[in-house]
Structure formats: C-alpha cells, structure tokens
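Working notes, structure below.
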Amino acid sequence: MLHDTQNQRDARGLAIDRVGVKNLRFPMRIRDRDHAEQSTVATVSLAVDLPHHYKGTHMSRFVEVLHSHGHCLTVADMAAMPRELMKRLHAEKAHAEFRFPYFRAKKAPATGAEGLMDYGVIFEVNAEGKKIDFVVTVEVPVTTLCPCSKAISARGAHNQRGVVTFAVRFRKPVWVEEMIELVEASASAELYSLLKRPDEKFVTEQAYDKPVFVEDLVRNVAVRARKHKQIRWFRVEAENFESIHNHNAYAVIESGKAK
C-alpha cells in the first residue's frame, strides 16, 4: 500500500485560500450568436481551499475532474466543475477559470472585405457551499483618438490602440458578441483584421469624428452596461497604449448597478 502524504496532519495552523493546478490547455466548444457553435482551446486553472490541518491536496484529482467531461468542454461542464471539485476534494470552496480566444468574422466598414478578429474571453466560476458565482469577461481591442490633441492641433490628432476588459455578472446569460459590441460602440472606432485603403480612410475619419479619453471610454461602457437589463454587476477597465507618451493611460469603473 502506498503512503498518502497529502492526508498527513499539518501543525502550523494555516489554512490555504486556494491550491490547485494552473495553465492546463483543454479543447472546448462554445455557442456563438453568429454560427451556432465554435471550437477553441482554453487555458484552465482549478483550485480549492485547504483546511489548516491537511498537509496537501491531491493534484491528480483536479485533472481527473477536467478529463471526466470527455474530450471537449461545454459551458454547462464549466459551470458544474467547481461543485465536482468540492465533492472530490472534500472542500468548502472551489474555483475554476477558463481563458480562451474567441473569433468573429468582421467585414471592413467600406469595402466589406472579411477577416477574422480574435478576442480574449474568461469564464470564472466560484463555488462556496450551495452558492455559485459566474463572471464572464471579454478583452476587446479598440481605437481611441485624443480629444485634447484634436482640440489643440492644426493638423490631425494622435490616436492609439487600447484594450477594454469588461466583466459582468448577469441575471440571464448574455452573448459574448453583445459584450464585444457594447465595448466597440463606446470607443472612437473598432478594430478590424483586414482593411483596404477605403476602409482605412473610413476608420481614421470615424475616430477623428468621435474622440474619447480613456475616461470617456470607461464611462461610455458603464452607461451602456447600466441600461442592459440582464447585467446586474460590471467592471470595465480600459488601457490605452499611448502613441506619443512613454506611459499608458488607464481607467476603471466597477459595478454602478446594485447586485
């Protein structure tokens, strides 16, 4: 019989908030609004709490729970996983995080040339007792044009690419595409993977006509999030990769709506 070191007693009296595995890559399927379903690959992190009297957890059980769902995860699998971890590891709390690229076909605004845009998506599921907390986050690249630069310059204005990280809790599920579109509508202009010269003219002029500071960007997202009937909590973070400064501009708004 092999000795179970993890179940030995620990005398230091320190509970551990989270212990588990990180950076496992696993295939998954997710419904999308445009094409019914798409396949992608998630980077997975799984964890549980550990009482003070246990020396360690059983790392192999995390991987067993993940692989018990077959060769491809679904959203239902991900939502159920923390409770499975609690049961298998005799824990009171469990955490599961799934990070994956999400692709959308986008047509250029003037020529209609089509290309694929990728966005970062995070599903985070936490369980404690009978409570389940599900947070969906999208990472959306955008274009912003500086209102101050436009106001003081005789020729043009500086613009830059930025990333908006938009996290929500919801009453009823919200499409990832809805979240992406909400963010893109709040910026100076959207990003595209394929642009011809007429498209570049359209996008740069659109951005010039709609200048936004990083502060404007998070406020624009927050206003739209507050109006969305299914969003009960949100956090929006914007970071601009400044084109003429040796720093990035940054702003955050959290919640703004009662849970």
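Its relative contact order, with pairs defined as Cα atoms under 8 Å and 6+ residues apart, puts segment 1-107 at 32 percent.
Rounded to the nearest 20, the Cβ-based charge dipole of segment 170-259 about its Cα centre (Lys and Arg +1, Asp and Glu -1) stands at 740 debye. Simple rule: put +1 on each Lys or Arg Cβ and -1 on each Asp or Glu Cβ in the chain, find the dipole, and look at Val252, Tyr119, Phe170; the Cα lying farthest toward the positive end is Phe170. For the chain, the Cβ-based charge dipole about the Cα centre amounts to some 640 debye (Lys, Arg positive; Asp, Glu negative; other atoms uncharged).
Between Ser68 and Thr111, the contour length at 0.36 nm per residue exceeds the alpha carbon distance by 10.8 nm.
Considered as an equivalent ellipsoid built on the Cα gyration tensor, segment 67-207 has semi-axes of 40, 17, 10 Å, the largest given first. Compared with the dominant principal axis of the Cα atoms in the chain, helix 75-89 is inclined by about 30°.
What order do you get for Glu178, Glu184 when you list them from fewest to most C-beta neighbours inside 10 Å?
Glu178, Glu184
More than 12 angstrom separation, counting every C-alpha pair in segment 200-259; what % is that? Of all Cα-Cα pairs in segment 200-259, 71 percent lie more than 12 Å apart. Ordering Val75, Ile152, Asn240 by the projection of their Cα atoms onto the charge dipole of segment 15-254, which places +1 on the Cβ of Lys and Arg and -1 on the Cβ of Asp and Glu, puts Val75 at the extreme positive end. Computed from Cα positions, the angle between helix 197-209 and the longest principal axis of the chain comes to roughly 90 degrees. Using a Gaussian network model of the chain with C-alpha springs under 10 Å, which one of Gly112, Gly120, Gly13 is most mobile by mean-square fluctuation? For the chain, modelled as a Gaussian network with Cα springs under 10 Å, the answer is Gly13. Against the chain, whose longest principal axis comes from its Cα atoms, helix 214-227 is set at around 70 degrees. Kirkwood radius, the chain, all distinct C-alpha pairs, inverse of mean reciprocal distance: 20.7 Å.
Every number in this text was worked out from the coordinates using simple rules, so none of it is lab data. As the structure is a prediction and not an experimental result, all values here were calculated from the model. Methodologically, a virtual Cβ is constructed for each residue, glycine included, from the backbone with ideal geometry; neighbour enumeration extends over all protein chains shown.
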